[in-house]
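Derivation of every value follows stated rules applied to the coordinates shown; laboratory data play no part. These figures come from a predicted structure and were not determined experimentally. No Cβ is skipped: glycine too gets one built from the backbone with ideal geometry, and neighbour counts run over all protein chains shown.
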Amino acid sequence: MGLLSSLPADHLQRYFRIIQEGLAVRQHFDLLTWLQGEVQHYLPHEIMLVAWGDFNANAIQHDIISPLPGVRTAHSELTGLYPLLRASYNRWVELGRMPCIASASDRLNGEYLVGYEDSRQQCSLGKALLSMRSSLLHGISDKRGRDECLYVIFSSQDKLNDSTLSAMEILLPYLDTAMRRVAPLPQRSCRSSLLALGTESQGLSEREIEIMDWVRKGKTNAEIGSILCISSYTVKNHLHQIFRKLDVYNRVQAVSKVERRARHG
């Protein structure tokens, strides 16, 4: 409580409100809503990249929390992200496992820590990272095991400064607690299987293609909403637009038409 005790009353109230809301997080949509709420006052960002596991053994998993279209865990490949995560982890360790900030011009071992560009990461996440101007990273080590958890936030503006370092130190334990309550999302190829089938030509937006890919896998609106960090109502609205564009009346007809067009080009 050392950092908190030195804050003025209005900031204390805001921090306690943020912490209380964080303790209520149970699923990815809750996590996204929390991070895009008052947390933004102290940790302004568009993308949060989380990686955990045994970094020394190269046995890690990752998760992405972002409101940006298509920037999702399910559409990112760890192989493409690994150089960025490794460089970030190495920097964190070299700085004594303390929070640190990087700008778009910072490099470590030849890798940019912000605006990372890699030919294997040509998806929405890779493109979004190119527009980021600053990042902040911090992590938590498990003293009873070998796992560590690294948190990297990215901002498209140069908003990250010393005050955000202090905020990260205060909020990291509660962020980590919230993350551990949320089941990790499926991880797969950067481009969805529908994109691989060339269905962009059917007039569907990237978000609509995401949704149709999960519809093909038998997911309900609520499940799709949880995976994409949007409400089931928003999924329903997207499906109405998809049906209109495909000139169909239901999910079965939509899936059938998409697959038929994909097979026949």
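Nothing charged except the Cβ atoms of Lys and Arg (+1) and of Asp and Glu (-1): what's the magnitude of the dipole of segment 2-181 about its Cα centre? Round to the nearest 20 debye.
With Lys and Arg at +1 and Asp and Glu at -1, about 200 debye.
Tell me, in nm to one decimal, what length is gained between residue 133 and residue 14 on full extension, where the rule is 0.36 nm per residue of separation less the Cα-Cα distance?
Roughly 40.2 nm would be gained on extension.
Can you pull the semi-axes for segment 2-181, root of five times each eigenvalue of the Cα gyration tensor, sorted largest first, whole Å?
Semi-axes from the Cα gyration tensor: 25, 18, 17 Å.
Which distance in nm do the two modelled labels at residue 26 and residue 217 give, with both placed 7 Å along the Cα-to-Cβ direction?
A separation of 2.3 nm, rounded to one decimal place.
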